[in-house]
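K.L.:
Can you keep this structure in mind? I'll have questions shortly.
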Amino acid sequence: QVQLVESGGGLVQPGGSLRLSCAASGRIFSINAMAWYRQAPGKQRELVADLSAIGSTNYADSVKDRFTISRDNAKNTVYLQMNSLKPEDTAVYFCTIVATMWYQSPSYRYWGQGTQVTVSS
């Protein structure tokens, strides 16, 4: 069982910044991919940013040049630095990883519980 603990969400003014953290724990052999998704009220969940095992990144057009995804492999932690925040960024943000556990061959996707980000004056 993998546990994903998120932190860093909250209320911020337009133009402000937040950094989300997601720390993975458990009997993890390797992490193959990391990503952040978000879901706003009345909307479907959307991919915000992802980070592959080889270090390549991908961003939604709406957040490109404002958000940055990064990782600390030693801590099994993924970050999302969010700058120049807009009210449209208000959503529940979910961390997800694809990981392989010790003593298991298959990899599985795991999700965090979600953290609320609210951008408002």
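K.L.:
Out of ASP65, ASP50, which single residue is among the acidic types (Asp, Glu) and assigned to a strand (DSSP E or B)?
P.N.:
ASP50
K.L.:
Further question on the same structure: In the range 79-118, how many are closer than 16 Å to SER7 by Cα, of a type outside the set (S, T, N, Q) and more than 10 Å from the chain's Cα centre (by Cα)?
P.N.:
So the count comes out to 4.
Residues are listed down the side, and each one gets a yes or a no for (1) assigned to a strand (DSSP E or B); (2) not basic (Lys, Arg):
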position	(1), (2)
ARG71	yes, no
ALA74	no, yes
TYR79	yes, yes
TYR93	yes, yes
THR96	yes, yes
TYR103	no, yes
GLN113	no, yes
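K.L.:
Looking at GLN13, is it open to solvent by 30 Å² or more (accessible area, probe 1.4 Å), touching a residue at least 40 places away in the same chain (Cβ under 8 Å) and farther than 14 Å from VAL117 by Cβ?
P.N.:
On the way: open to solvent by 30 Å² or more (accessible area, probe 1.4 Å): yes; touching a residue at least 40 places away in the same chain (Cβ under 8 Å): yes; farther than 14 Å from VAL117 by Cβ: no.
No, not satisfied.
K.L.:
Moving to a separate point now. I want to confirm something. Restricting to the range 44-57 and keeping residues that are open to solvent by 80 Å² or more (accessible area, probe 1.4 Å) and modelled with pLDDT of 95 or more, which single residue is nearest to VAL92 (Cα to Cα)?
P.N.:
First, the residues of the range 44-57 that are open to solvent by 80 Å² or more (accessible area, probe 1.4 Å): 44-45, 54.
So of that shortlist, the ones also modelled with pLDDT of 95 or more come out as 44-45.
Working: GLN44: 11, ARG45: 9 Å.
Per the stated criteria, the residue is ARG45.
K.L.:
Find all pairs meeting these conditions: Cβ atoms under 6 angstrom apart; at least six residues apart or on different chains; first residue within the range 104-118 and small (Gly, Ala, Ser); second residue at pLDDT below 95 and open to solvent by 50 Å² or more (accessible area, probe 1.4 Å).
P.N.:
Pairs that qualify, where the first residue is small (Gly, Ala, Ser) and the partner is at pLDDT below 95 and open to solvent by 50 Å² or more (accessible area, probe 1.4 Å), are SER107/ASN32.
K.L.:
Please give the number of the condition GLY15 fails out of (1) at pLDDT 95 or above; (2) not in a loop (DSSP other than H, G, I, E, B).
P.N.:
(2)
K.L.:
Let me ask another. Please name all residue pairs, on different chains or six or more residues apart, with Cβ atoms under 7 Å, provided the first residue is in the range 18-40 and is more than 16 Å from ARG66 (Cα to Cα) and the second residue is open to solvent by less than 40 Å² (accessible area, probe 1.4 Å) and among the acidic types (Asp, Glu).
P.N.:
SER21/GLU6; CYS22/GLU6
K.L.:
Can you name every residue in the range 19-30 that is open to solvent by 30 Å² or more (accessible area, probe 1.4 Å) and over 11 Å from the mean Cα position of the chain (by Cα)? Before the answer, list the steps.
P.N.:
Taking the range 19-30 first, the residues open to solvent by 30 Å² or more (accessible area, probe 1.4 Å) are 19, 23, 25-27, 29-30.
The answer is SER25, GLY26, ARG27, PHE29, SER30.
K.L.:
Restricting to the range 97-117, give me the number of residues that are buried (at least 19 other Cβ atoms within 10 Å of the Cβ) and either in contact with a Lys or Arg (Cβ under 9 Å, 6 or more places away or on another chain) or farther than 29 Å from PHE29 by Cα (or both).
P.N.:
So the answer is 3.
K.L.:
Quick one: ASN76 ticks every box in (1) farther than 16 Å from VAL5 by Cα; (2) surrounded by 13 or more Cβ atoms within 10 Å (Cβ to Cβ); (3) more than 11 Å from the chain's Cα centre (by Cα) bar one, so which box is it?
P.N.:
With (1) farther than 16 Å from VAL5 by Cα; (2) surrounded by 13 or more Cβ atoms within 10 Å (Cβ to Cβ); (3) more than 11 Å from the chain's Cα centre (by Cα) applied to ASN76, the lone miss is (1).
The values are calculated or read from the model by the stated rules, or taken from the named source; none is laboratory data. A quick note: this is a predicted structure, and the numbers were derived from the prediction, not measured. Glycine also receives a Cβ, built like all others from the backbone with ideal geometry; neighbour counts cover every protein chain displayed. Ligands, DNA and RNA are excluded from the accessible area calculation, which covers all protein heavy atoms including side chains. Shrake-Rupley method; radii C 1.70, N 1.55, O 1.52, S 1.80 Å.
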